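Have a look at the structure below, then the notes.
None of the figures in this text is laboratory data; all of them are computed from the coordinates on show. On a predicted model such as this, the values are computed, not experimentally measured, just so you know. A quick note on method: Cβ atoms are made from the backbone with ideal geometry, for glycine too, and the neighbour counts reach across all protein chains shown.
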Amino acid sequence: MSSFTEKLKPFIDIYNSQIDLFSSPKEFMKSVISYNIVFLDIDMPEIDGISIAKKRAGNNEKIVFVTNRESLVFQAYNETSSIGFVRKNHLSDDLNDVF
């Protein structure tokens, strides 16, 4: 289990929710499920998180970007309907802010 997933677990328990993990961006893009909230890394192989958020815009999903690339925050806000950012080096604090 990744550190990010471990940090999400308390919120999943509080909100009586479930989490689906995808091993690749392409696998996620094949999903026909519309999620309440989607956490996307901006830097991923094959396709970046901003591009995925744009392609899934019609699903009315709340997008939260997970990143170490704070320089891309404004680009992501301007090009997507993201609701927040979680910095990898501040996971606990930023997740509290998002939830």
- For D41, other-chain or 5+-apart residues with amide H closer than 5 Å (H placed, Pro excluded) are V66
- Message: Rg/Rh for region 36-86 to two decimals, with Rh computed the Kirkwood way over all alpha-carbon pairs.
- Response: 0.91
- Message: Can you give me the distance in nm between label points at S71 and Y15, each placed 7 Å from the Cα along the Cα-to-Cβ direction?
- Response: 3.1
- Taking the C-alpha atoms of the chain, convex hull volume expressed per residue in Å³: 100
- Could you pull out every residue, at least 5 positions away or on a different chain, whose amide H is within less than 5 Å of the one on K62? Hs are placed 1.01 Å off N in the peptide plane, and Pro or chain starts have none. I37, V38
- Under a straight-distance cross-link criterion of Cα-Cα below 23 Å, which lysines are reachable from K55, leaving out those fewer than 8 residues away in the same chain? K26, K30
- Stretched out fully, how many nm does the piece from D43 to N59 gain, at 0.36 nm a residue minus the Cα gap? 3.6 nm
